[in-house]
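Quick notes on the structure that follows.
Derivation of every value follows stated rules applied to the coordinates shown; laboratory data play no part. Note that this is a predicted model, so its numbers are computed, not measured. Methodologically, a virtual Cβ is constructed for each residue, glycine included, from the backbone with ideal geometry; neighbour enumeration extends over all protein chains shown.
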Amino acid sequence: MQKPSEKPLLGIDIDGVISIFADGAGLQPGTEPTARAGGRFEYLLIDGIPHCISLAAGERIRRLEPHFELFWASGWEDRANDHLPNLIGVPELPHLELDGKPDDEEHWKLGPIAEYAGNRPLAWIDDNFDQTCFDWAARREAPTLLVPTEPEHGFEEAQAEVLLQWALKGFLRG
Ligand SMILES: [Mg+2]
């Protein structure tokens, strides 16, 4: 385990990562988790929107927690801590403030993420990266790892393993 000051950051999106299928629109009627999504699911309404919460995603986050400094990188903002600690057993985490910073030129989370991360090593798991995210990651001097998910599968085991190995092996890829 790294010393706290040496831990990399891990930004965690929620819709499409923990809440599968959601991709911002909520669970669609009639959809069922795939076998690939794995594990157990909690179906519930959150603020009137149906969600399918992957408990396996929560287990993976808890497994990574000793090796990263976690934060929510999600439009849920502070509402993440209202719901997810009880649902998936993760601690309350810092969250990005994403309001009021729309920018057509780059991904809507990039500015706040860049500001939050400063020059620290950063991993970020999200189902909705665009090219501006990958370009930004390539330009960063600090080690940076973007981990895409597919919204219908959410946070899968292979992605947890990639993140763990990246943290344990000095941020080397592959
Ligand atoms: Mg998302």
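Summarising the label geometry, the points placed 7 Å from Cα in the beta-carbon direction at Leu45 and Asn86 lie 1.6 nm from one another. Estimated at 0.36 nm per residue, the fully extended path between Phe171 and Arg139 surpasses their Cα-Cα distance by 10.0 nm. What translational diffusion coefficient, in µm²/s and rounded to a whole number, does the Stokes-Einstein relation yield for the stretch 34-174 at 37 °C and a viscosity of 0.692 mPa s, taking the hydrodynamic radius as the Kirkwood radius over Cα pairs? Once the numbers are plugged in, D ends up at 204 µm²/s. Cβ-to-Cβ counts within 10 Å put Phe171, Phe71 in ascending order as Phe171, Phe71, the fewest first.
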